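What follows is a single structure, written as structure tokens, with notes after it.
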Amino acid sequence: MTNVLLEKKGNIAVATINRPKALNALNSEVLADLGELVEIVKADSEIRALVITGSGEKAFVAGADIGEMSTLTVAEGEAFGKKGNDVFRALEVLPVPTIAAINGFALGGGCELSMSCDIRICSDTAVFGQPEVGLGITPGFGGTQRLARLVSPGMAKQLIYTAKNIKADEALRIGLVNAVYPAEELMAAAEKMAETIAKNAPIAVRACKKAINEGLELGMDDAIVLEEKLFGSCFETADQVEGMSAFLEKRKHEPYQNK
Ligand code: DAK
């Protein structure tokens, strides 16, 4: 991968979208590398949390690549949209928890990429928006769906119909991000959060992700059954035995084994 850099640090990994000259805009190559990233992280049992950020000081991702999109035919547009949607959906359902560390512009496909992550935190320099209708298109990488689910349908419609950008403090106010940090502190905060997650029992963390993601698609009666099953499945893990034994024996648990 040349457009996405992956650095492993113990049990966490940091992926950096690396196309700074184009403000990390998503062209076909970046999308292909993001797809590869998901497969690499899925196959690596040492990675227990993934942080995604953008290279340079200006942008997380300034959207899908407008140059590449500008000449698409209807069929090519659908294919481009499918490529992005498939990658973003694979990221969303990746069992490993993901944190978007949004270090600047997160526009269009960039905002959509962040919304495919489990948790969003940003720098005080971050700017969010779905500018697509200003370019004559709709959001195409899940923006109409994920923004409406994450904030509210009314706020999503306002942002999408007006194509107006919002700053970090407004993103925090509407619940698009969980926290805002001074730019120079963002990555340390993201990695600290990832490390905190990575220290918890990984099978339980992954089960929580599945329960929340899949449960949100169900009615409450079915959703709590899903939770019951995932809760039950933890009782065949060594980490559950160790976690509860340590509590009862009034000692700190051994590092979790992911077993
Ligand atoms: N695509 C391509 N290049 C981009 C880019 C983008 N989205 N954003 C920035 N760049 C490039 C600029 O062209 C410039 O390149 P050079 O001229 O230096 O070669 C370089 O990055 C630096 O950008 P600026 O010179 O413009 O930097 P500024 O600080 O002046 O402005 C900016 C920063 C983020 C405000 C500005 O660059 C900007 O407005 N960028 C475009 C933002 C935008 O509109 N993004 C949303 C794109 S639409 C779909 C699939 C996907 C999508 C929709 C449908 N289907 C198939 C259905 C997704 C759509 C989008 O994401």
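With every protein chain in place, what's the accessible area of TYR256 (1.4 Å probe, Å², nearest 10)?
30
What are the extents of the Cα atoms of segment 189-259 along their three principal axes, listed from largest to smallest and rounded to whole Å?
Computed over the Cα atoms, the extents are 40, 31, 19 Å.
Given contacts defined as C-alpha pairs under 8 Å and at least six residues apart, what's the relative contact order of segment 1-105, whole-number percent?
Relative contact order here is 34 percent.
Compute the acute angle (0 to 90°) between the alpha-carbon long axis of helix 74-92 and the principal axis of greatest extent of the alpha-carbon atoms of the chain; round to the nearest 10°.
Helix 74-92 sits roughly 20 degrees off the main axis of the chain.
Amide H to amide H, which residues 5 or more places from ALA64 or on other chains are under 5 Å from it, using H placed in the peptide plane?
Amide H to amide H, under 5 Å and 5 or more residues apart or across chains, ALA64 pairs with LEU26, GLY109, GLY110.
Of LYS42/LYS199; LYS210/LYS250; LYS229/LYS259; LYS58/LYS164; LYS210/LYS259, which pairs sit farther than 20 Å apart, going by alpha carbon to alpha carbon?
Values: LYS42/LYS199 18 Å; LYS210/LYS250 31 Å; LYS229/LYS259 18 Å; LYS58/LYS164 18 Å; LYS210/LYS259 17 Å.
Correct reply: LYS210/LYS250.
Counting alpha carbon pairs within less than 8 Å and at least 6 residues apart, what relative contact order, in whole percent, applies to segment 161-249?
Numbers: 30 pairs, mean separation 15.0, N = 89.
Over segment 161-249, the number comes to 17 percent.
Share of segment 33-131's accessible area from carbon and sulfur, percent, 1.4 Å?
57
In square nanometres and to one decimal, what's the mean projected area of the convex hull around the Cα atoms of segment 174-215? Spell out each step's value before the answer.
Values: hull surface 15.7 nm².
Quarter of the Cα hull surface area: 3.9 nm².
Output the direction-averaged projected area (hull surface divided by four) of the convex hull of the alpha-carbon atoms of segment 133-259, in nm². Write out the running numbers ahead of the final one.
Working: hull surface 45.0 nm².
Reported value for the Cα convex hull: 11.3 nm².
Name the residue, out of ASN11, ASN178, ASN24, whose mean-square fluctuation peaks in a Gaussian network model built on the chain with Cα pairs under 10 Å.
ASN178
How high is the relative contact order of the chain? Use alpha-carbon pairs under 8 Å, at least six apart in sequence, and give a whole percent.
Working: 466 pairs, mean separation 40.4, N = 259.
Contact order relative to length: 16 percent.
Rg and Dmax in Å for segment 95-178, alpha carbons only: what are they?
11.6, 36
Under the rule of -39500 (n - 2.57) per DSSP H run of 4 or more residues, summed and divided by the residues of the chain, what mean residue ellipticity at 222 nm is obtained, to the nearest 500 deg cm²/dmol? Display every interim value, and only then the final one.
On the way: 11 runs with 123 residues, N = 259.
For the chain, the value works out to -14500 deg cm²/dmol.
Measuring with a 1.4 Å probe in the full set of protein chains, what accessible area per residue, in whole Å², belongs to segment 109-212?
Accessible area per residue, segment 109-212: 47 Å².
With Rg and the Kirkwood Rh both taken from Cα atoms, where does Rg over Rh land for the chain?
On the way: Rg = 19.0 Å, Rh = 19.1 Å.
When Rh is taken as the Kirkwood radius, the ratio is 0.99.
Evaluate the Debye formula for segment 1-119 with equal point scatterers sitting on the alpha carbons, no solvent, and hand back log10 of I(q)/I(0) at q = 0.11, 0.17, 0.21, 0.22 Å⁻¹, in q order, two decimals.
Normalising to I(0) and taking log10 leaves -0.32, -0.77, -1.16, -1.27.
Taking springs between alpha-carbon atoms closer than 10 angstrom, which of GLY104, GLY219, GLY81 fluctuates most in the Gaussian network model of the chain?
GLY219
Using the scaling law 2.2 N^0.38 Å as the reference, what is the normalised Cα Rg of segment 210-251?
Values: Rg = 13.7 Å, N = 42, 2.2 N^0.38 = 9.1 Å.
Rg over 2.2 N^0.38 Å, computed on Cα atoms: 1.50.
Probe radius 1.4 Å, ligands and nucleic acids left out: which of THR138, THR73 has the largest accessible area, and how do the rest follow? List each step's numbers first, then the result.
Details: THR138 95, THR73 75 Å².
Descending order: THR138, THR73.
Mind checking which of ASN200, ASN103, ASN18 has the largest fluctuation in a GNM of the chain, springs on alpha carbons under 10 Å?
Checking each option, the largest mean-square fluctuation is seen for ASN200.
Dipole size in debye (nearest 20) for the chain around its Cα centre, Lys and Arg Cβ +1, Asp and Glu Cβ -1? Could the numbers behind the result be given before it?
Values: 27 positive and 35 negative charges, 83 e Å.
In total the dipole reaches around 400 debye.
Any idea what Rg and Dmax come out to for segment 39-97 if you just take the C-alpha atoms, in Å?
In order Rg, Dmax, the Cα atoms of segment 39-97 give 14.8, 42 Å.
Taking all protein chains together and a probe of 1.4 Å, list ASP33, ASP124, ASP169 from the most accessible to the least accessible. Please report the intermediate quantities before stating the final value.
Details: ASP33 20, ASP124 90, ASP169 110 Å².
Largest accessible area first, the list is ASP169, ASP124, ASP33.
The values are calculated or read from the model by the stated rules, or taken from the named source; none is laboratory data. On a predicted model such as this, the values are computed, not experimentally measured, just so you know. Please note: Cβ atoms are built from the backbone with ideal geometry, for glycine as well, and neighbour counts cover all protein chains shown. All accessible areas refer to the heavy atoms of the entire protein, side chains included, with ligands and DNA or RNA removed. Shrake-Rupley method; radii C 1.70, N 1.55, O 1.52, S 1.80 Å.
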